[in-house]
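The values are calculated or read from the model by the stated rules, or taken from the named source; none is laboratory data. Computed from a prediction, not measured in an experiment: that's the story for all the values here. With ideal geometry, Cβ positions are generated from the backbone for all residues, glycine too; neighbour counts draw on all protein chains shown.
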Amino acid sequence: MTHNTHRIQAAAILGSLSLAASAFAGSAPVSPMPPVAPAPAASGGIWDSIGATLDVGYDTHYIFRGALISRDNVWAQVSAAIPLTEKLALGLGAWYAASADNDISYNELDLNAGLTYDAGFAKFGVGYTHYEFFNGSAGDDIGLHGAEEVGATVSKSFGQATDPVSFNIGAGFYHDFEVDGQYLELGVDAPVRVNDNFSIVPAALVSYGFDYYAPRDGFQHVQLKLSFPVKLTPTATLTPYVAGNIPLATYDDFYDDEVYGGVKLSVSF
């Protein structure tokens, strides 16, 4: 299988994690799981705590679970966290991306829904994602126009967001119905709070695939990432980042090590 053929297959089948809320703050998203909504104020009801976020961004490389899909991606997403109880939240989201990659025309829409439960000692999530690939995108090359996935996550935070340094760990396990394969990812980050408006967030993750778009089972990739969230207003945050992708046993014959970056603007409502 040639590099380009494998890339087309990955681009057509794999979707984006950019839609997903991270299972641990500040790192590459682990899952399509919503954040836990804050507990309602004593004077208000549960539904007073509904929150929505609009994100727009640019990535020099669109790398999904270790696979290089395209370059020069612009994207936008909208997500909402709806508290059902003080500990249980429903998350809904939609993410759209378009690429200016000269090698592959790429357009993708992802729709997801999930539940997150805050057990106190850890947070647990389950969710579903539909990936839609439009006419003219890489999906046409192999006759694929959509994919479905379910997943489960667990995450744990050590420290508070206001601490000078905190630590987060998260894991996600996903089942892809297209190939009847599974994907496992483990990630950590350690936000460093410089001041009230600026942080530095180093993060790392490693993945493993079972019958998951690769010629054999095994470790798929390592990602290293450094983000720099800047709080512009109480509701708007600008986050540039730089990252590195290192293919492991199942992908090292198809992909090279990559250094890439991008920027995201998030506005909450």
*Restricting segment 159-175 to residues that are without any contact (Cβ under 8 Å) to a residue 60 or more places away in the chain and within 26 Å of residue 219 (Cβ to Cβ), the residue that is nearest to the chain's Cα centre (by Cα)*: 173
_In segment 144-158, the residues that are farther than 18 Å from residue 116 by Cα, in contact (Cβ under 8 Å) with a residue 24 or more places away in the chain and out of contact with any helix residue (DSSP H, G or I) (no Cβ under 6 Å at 6 or more places or on another chain)_ = 148
_Looking at segment 126-138, can you tell me whether even one residue there is modelled with pLDDT under 95, over 26 Å from residue 80 (Cβ atoms), buried (at least 16 other Cβ atoms within 10 Å of the Cβ) and not β-branched (Val, Ile, Thr)?_
yes
*Just checking, how many residues over segment 174-198 are surrounded by fewer than 16 Cβ atoms within 10 Å (Cβ to Cβ), aromatic (Phe, Trp, Tyr) and not in a loop (DSSP other than H, G, I, E, B)?*
1
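Can you confirm whether segment 198-220 contains a residue that is within 21 Å of residue 241 (Cβ to Cβ) and among the charged types (D, E, K, R)?
No: segment 198-220 contains no residue that is within 21 Å of residue 241 (Cβ to Cβ) and among the charged types (D, E, K, R).
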*Single residue of segment 89-110 satisfying the filter (crowded, with 16+ Cβ neighbours inside 10 Å and among the hydrophobic types (A, V, I, L, M, F, W, C)) that is modelled with the lowest pLDDT*: 104
*Would you be able to say whether some residue in segment 151-173 is crowded, with 21+ Cβ neighbours inside 10 Å, in contact with an Asp or Glu (Cβ under 6 Å, 6 or more places away or on another chain) and part of a strand (DSSP E or B)?*
yes
*Inspect segment 56-72 for any residue being at pLDDT 95 or above, among the small types (Gly, Ala, Ser) and in a strand (DSSP E or B) and give the result as yes or no.*
yes
*When residues of segment 68-88 are limited to those that are of a type in the set (Val, Ile, Thr) and surrounded by fewer than 22 Cβ atoms within 10 Å (Cβ to Cβ), the one farthest from residue 265 (Cα to Cα)*: 85
